[in-house]
Amino acid sequence: MRGVFVDANEALAVIMERLEKPGDPKVRIHRDPDIKPEQYPEILDGAEIAIVDHTALPTEVAKNCTGLKHVVFLGTGARSYMNPEELAELGISVHLIKGYGDTAVAESAVALMWASARVIAMMDREMRAGNWLREDGMQLTGKTLGLIGFGGIAAEVARIASGSGMKVIAWNRSPKSHASVEFTDLDTLLARSDVVSLHLLLNDETRGMITREKIAKMKPGVVFINTARGAIVDEQAMIDALNSGHIRHAGLDVFNIEPLPADHPLTKIPNVTLSAHSAFRTPEASENLIEAAWIHCRRIVKG
């Protein structure tokens with residue numbers, strides 16, 4: 001059984017090579033992170049396993065990938081790039097990797113929260129333009145942080161935020177309990193939170209879940225953080241709330257369209273801090289990610 005890492009950047013390729021063990025399945029590394037979906041059949045060349053970082057795999061393209069039986073997706077957000085149910089109908093199983101970057105993403109969410117509360121990016125932009133902008137920030141000690149979704153990443157955010165003197169409340173679709181976190185219903189969370197941070201997987205239930213109505217229920221002047229998936233939020237409603245000031249500031253790592261177009265409305269709004277879907281990008285998380293990918297490949301080969 002053969003595998004191909006279809007869209008490896010150099011950093012991940014190096015880790016993939018280093019973590020290979022004697023007896024591992026043969027995995028060819030295609031060192032090009034910017035492939036087009038229509039290149040899949042040629043790059044795979046009949047291989048049974050595709051290791052995929054971020055390249056979309058449309059179902060119509062997958063039909064032409066002779067021999068493909070398994071997709072090892074490097075992360076949890078495969079639904080942003082492919083339809084697992086449709087692939088399953090073709091006999092292709094999609095394997096996810098969870099937990100590899102919980103600390104990395106949590107630290108990024110907290111960094112965006114602090115940068116947003118103190119409008120650091122805005123002051124940086126203005127100073128580079130020659131303007132001595134001095135802006136009042138939001139002091140976060142004693143404020144309430146509301147976590148929408150409570151998995152491994154949110155638990156790490158809760159740990160960091162609690163340690164910095166914030167009160168942490170959370171909502172999760174299934175019952176959870178966690179030390180120093182108060183669980184409540186979603187409407188209560190939206191009404192009470194000074195900062196709202198989103199930590200949900202994207203699926204049919206969560207797509208578009210943060211509607212215009214939900215945003216309206218947030219406390220006026222809220223800071224909104226999204227390191228989950230852009231499609232969970234009604235983007236236009238969020239933009240309108242930013243323009244009106246109902247959302248004081250947003251820290252966003254994920255977007256409906258990626259890469260974010262240069263002329264996108266979010267690039268024109270001053271009270272937004274943007275990062276390029278990079279919350280998970282640390283050497284430690286990359287190491288965990290590729291090790292988990294190898295584990296998937298070994299398990300697949302063993303049946």
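The values are calculated or read from the model by the stated rules, or taken from the named source; none is laboratory data. The structure displayed is predicted, hence computed values, not measured ones. Glycine gets a Cβ as well: all are built from the backbone with ideal geometry, and neighbour counts include every protein chain shown. Ligands, DNA and RNA are excluded from the accessible area calculation, which covers all protein heavy atoms including side chains. Shrake-Rupley method; radii C 1.70, N 1.55, O 1.52, S 1.80 Å.
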* Structure fact -> Residues whose modelled amide H sits under 5 Å from the amide H of Ile51, counting only those 5 or more places away in sequence or on another chain, are Val4, Phe5, Val6, Val72
* Quick one: helix 235-244 against the long Cα principal axis of the chain, what's the angle to the nearest 10°, folded into 0 to 90? -> 20 degrees
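If you count, for each residue, the other Cβ atoms within 10 Å and average over each peptide, how do 112-121, 294-303 line up from highest to lowest? If you can, show how the numbers build up before the last one.
Values: 112-121: 21.2, 294-303: 15.0.
Put in order of decreasing packing, that is 112-121, 294-303.
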* Asked: ³J(HN,Hα) across segment 46-57 via Karplus (A = 6.51, B = -1.76, C = 1.60, θ = phi - 60°), whole Hz, x for Gly/Pro?
  -> x, 5, 7, 10, 10, 9, 10, 8, 8, 8, 4, 10
* Asked: Measuring from label point to label point, each 7 Å out along Cα→Cβ, what is the Lys268 to Arg31 span in nm?
  -> 4.2 nm
* Asked: What Kirkwood hydrodynamic radius, in Å, does segment 161-230 give when the mean of 1/r is taken over all pairs of distinct Cα atoms and then inverted?
  -> 13.0 Å
* To do: Indicate the gyration tensor shape class of segment 28-181 (rounded, prolate or oblate), computed on the Cα atoms with a ≥ b ≥ c the square roots of the eigenvalues: a/c under 1.5 is rounded; otherwise a/b larger than b/c is prolate and the rest oblate.
  => oblate
* To do: Sort 55-64, 260-269 for me by packing, meaning the mean count of neighbouring Cβ atoms within 10 Å per residue, highest on top.
  => 55-64, 260-269
* Quick one: which residues, 5 or more positions from Ile247 or on another chain, have an amide H under 5 Å from its amide H? H modelled 1.01 Å from N in the peptide plane, none for Pro or chain starts. => Gly221, Leu242
* Spin-label pair Arg281/Asn203, simplified geometry with 7 Å Cα→Cβ offset, distance in nm -> 2.9 nm
* segment 126-168, accessible area per residue, ligands and nucleic acids excluded (1.4 Å, Å²) -> 53 Å²
* Asked: In sequence order, what are the phi-derived ³J(HN,Hα) couplings for segment 74-85 according to the Karplus relation 6.51 cos²θ - 1.76 cosθ + 1.60 with θ = phi - 60°, rounded to whole Hz, with x for glycine and proline?
  -> 7, x, 10, x, 4, 5, 6, 10, 7, 10, x, 5
* To do: For Gly75, enumerate residues with amide H under 5 Å from its amide H, sequence gap 5+ or separate chain, H modeled in the peptide plane.
  => Ile97
* To do: Compare the peptides 86-94, 219-227 by average per-residue count of other Cβ atoms within 10 angstrom and give them in order, highest first.
  => 219-227, 86-94
* Asked: By how many degrees, between 0 and 90 and to the nearest 10, does the Cα long axis of helix 152-163 differ from the longest principal axis of the chain?
  -> 30 degrees
* Asked: Please state the Cα pair-distance histogram of segment 1-93 with 10 angstrom bins from zero: what percent is in each bin?
  -> 17, 54, 26, 3
* To do: Kindly write out, for segment 246-257 in residue order, the coupling ³J(HN,Hα) from the Karplus curve 6.51 cos²θ - 1.76 cosθ + 1.60 (θ = phi - 60°), rounded to whole Hz, with x marking Gly and Pro.
  => 4, 8, 4, 7, 10, x, 10, 10, 9, 8, 5, 10
* Structure fact -> Dividing the mean separation of Cα pairs under 8 Å (6+ apart) by the residue count of the chain yields a relative contact order in percent of 17 percent
* **Residue among Pro283, Pro84, Pro259 with the largest mean-square fluctuation in a Gaussian network model of the chain, springs linking Cα atoms under 10 Å** => Pro259
* To do: Return P(r) of segment 96-230 (all Cα-Cα pairs; 5 Å bins starting at 0; whole %; ordered from short to long distances).
  => 2, 10, 19, 22, 20, 13, 7, 4, 2, 1, 0
* Asked: What accessible surface, in Å², does a 1.4 Å probe find on Asp53, ignoring ligands, DNA and RNA and rounding to the nearest 10?
  -> 20 Å²
